[in-house]
Amino acid sequence: MYAASREACARSREALRAALTGSDSVAATTGSELFAVVAVLDDQRSLRVALADVSVPGSVRAELSERVFGGKVSPATQAVLTTAVAQDWSRTADLVDTLVLLGQEALLESASDSGRLDAVEDEMFRLGRIISDNPELEQALSDRAKPAVAKRELIGRLLNGKTEAITLTLAEQVVSRQKQPVGVAFDELSDLAAARRDQIVAHVRAAIELSAQQRDRLAASLKRIYGKPIQVHVQVDQSLLSGLVVHVGDDVIDGSAIGRLERLRRSLT
């Protein structure tokens, strides 16, 4: 985002924090309704352009949002939406993407309030791994020619009754909008959940399954390196032969046998 959109996003997030006072149901409703607003804006180009048109005063855009969505969403959702559209955005897409982020954060707030944030974070990570390891499933969920409703139904059949309701809502929104690879989107949601607990996520590929003690030792070592608590997510990858590869943000720590062999090969050539 350019500077204007970054500032607009920050103010919109402040509005969300102010609106989410009360029970976890307020946050859950706000998140779901913001996703519904995004679906309308994705379908109606003229409306989303009008709501982000910086040549029109913010107050006029806010009034337009109230005319369109007023009475159809809760007061908390309307307060967040009114603030968001009143800001000056560098691009129309930045407004819509921020509303998606606000919806995600509201749902994660609900999960936190109900003590289910850990479960949602873990489910999002595992879902990302399942999809990444299943090319046919990833293709079905990424097919831009397939209607969004069909992809929501597919993910619903996979998750219904097996995950937290918030995980299902987040997953349905991801596959409906399809702005990036679905596996990547689920990883980002897992990271967003961890960030709410002031944690960093380490994505680990290991040649064998790690024991709880090994995970704890790895988390402690990474905490010493990065100075913050680390949430470790492990995926078994037997192609590594032995050892593991750790991804923390853009950092990669490769302690695998295959990585050592590759470094040896480069040194010999």
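Where a number appears in this text, it was derived from the coordinates with a stated rule and is not lab data. Owing to the predicted nature of the structure, the values given are computational and were not obtained by experimental measurement. Glycine also receives a Cβ, built like all others from the backbone with ideal geometry; neighbour counts cover every protein chain displayed.
Hey, got the Cα dimensions of the chain along the principal axes, in Å, largest first?
Largest to smallest, the principal-axis extents are 66, 43, 41 Å.
Once you have a ≥ b ≥ c as the square roots of the Cα gyration tensor eigenvalues for the range 84-162, tell me rounded if a/c is under 1.5, and otherwise prolate or oblate according to whether a/b is larger than b/c.
Details: a/c = 2.34, a/b = 1.24, b/c = 1.89.
Taking the square roots of the gyration eigenvalues as a ≥ b ≥ c, the range 84-162 is oblate.
Can you flag which of LYS179/LYS228; LYS151/LYS228; LYS72/LYS179; LYS146/LYS223 are past 32 Å Cα-Cα?
Working: LYS179/LYS228 30 Å; LYS151/LYS228 37 Å; LYS72/LYS179 26 Å; LYS146/LYS223 43 Å.
Distance filter (> 32 Å) returns LYS151/LYS228; LYS146/LYS223.
So in the range 111-267, what percent of DSSP beta bridges are antiparallel if you round to the nearest 5? Write out the running numbers ahead of the final one.
Details: 8 of 15 bridges.
Restricted to the range 111-267, the bridges split so that about 55 percent are antiparallel.
Which of the peptides 184-191, 134-141 is most tightly packed, and how do the rest follow, judged by the mean count of other Cβ atoms within 10 Å per residue? Mind dumping the intermediate values first?
Details: 184-191: 20.8, 134-141: 14.1.
Ranked by mean Cβ neighbours within 10 Å, highest first: 184-191, 134-141.
If you build the convex hull over the alpha carbons only and average its shadow over all orientations, what do you get for the range 116-197? Give it in nm² to one decimal.
On the way: hull surface 19.2 nm².
Reported value for the Cα convex hull: 4.8 nm².
Based on alpha-carbon atoms only, what is the radius of gyration of the range 1-114 relative to the globular estimate 2.2 N^0.38 Å?
On the way: Rg = 13.0 Å, N = 114, 2.2 N^0.38 = 13.3 Å.
Taking the Cα Rg and dividing by 2.2 N^0.38 Å, one obtains 0.98.
Restricting to the chain, what percent of DSSP beta bridges are antiparallel, rounded to 5? List each step's numbers first, then the result.
Details: 8 of 15 bridges.
Given both bridge residues lie in the chain, the antiparallel proportion sits at roughly 55 percent.
Can you give the calculated 222 nm mean residue ellipticity of the chain, where each DSSP H run of n ≥ 4 adds -39,500 (n - 2.57) and the sum is split over every residue, rounded to the nearest 500 deg cm²/dmol?
Details: 13 runs with 181 residues, N = 269.
Calculated mean residue ellipticity at 222 nm is -21500 deg cm²/dmol.
At 20 °C and 1.002 mPa s, what whole-number value in µm²/s does Stokes-Einstein give for the translational diffusion of the range 171-265, with Rh from the Kirkwood sum over Cα pairs? Write down the numbers at each step before the final one.
Working: Rh = 14.5 Å.
It diffuses with D of about 147 µm²/s by this estimate.
Along its principal axes, what span do the Cα atoms of the range 69-205 show, with the longest given first and each in whole Å?
42, 37, 30
Note down the relative contact order for the range 116-197 as a percent, whole number, built from C-alpha pairs under 8 angstrom at least six residues apart. Please report the intermediate quantities before stating the final value.
Details: 77 pairs, mean separation 39.2, N = 82.
Value for the range 116-197: 48 percent.
With r defined as the distance between the Cβ atoms of ASP143 and GLU209 and R0 fixed at 41 Å, what FRET efficiency is calculated, to the nearest 0.05? Don't skip to the answer; put the middle values down first.
Details: r = 33 Å, r/R0 = 0.80.
Result of the calculation: an efficiency of 0.80.
Report the Cα centroid-to-centroid distance between the range 221-269 and the range 113-187 in angstrom, as an integer.
Going from one Cα centre to the other spans 27 Å.
Just rank SER65, SER267, fewest to most, by other beta-carbon atoms within 10 angstrom. Let's see the in-between values first.
Values: SER65 21, SER267 7.
Ascending Cβ contact count within 10 Å gives the list SER267, SER65.
How much of the DSSP beta bridge set in the range 200-268 is antiparallel, as a percent to the nearest 5?
Details: 8 of 15 bridges.
Expressed as a percentage, antiparallel bridges in the range 200-268 total about 55.
Relative contact order for the chain: what percent, with Cα pairs under 8 Å and sequence separation of 6 or more?
Working: 353 pairs, mean separation 42.5, N = 269.
The value is 16 percent.
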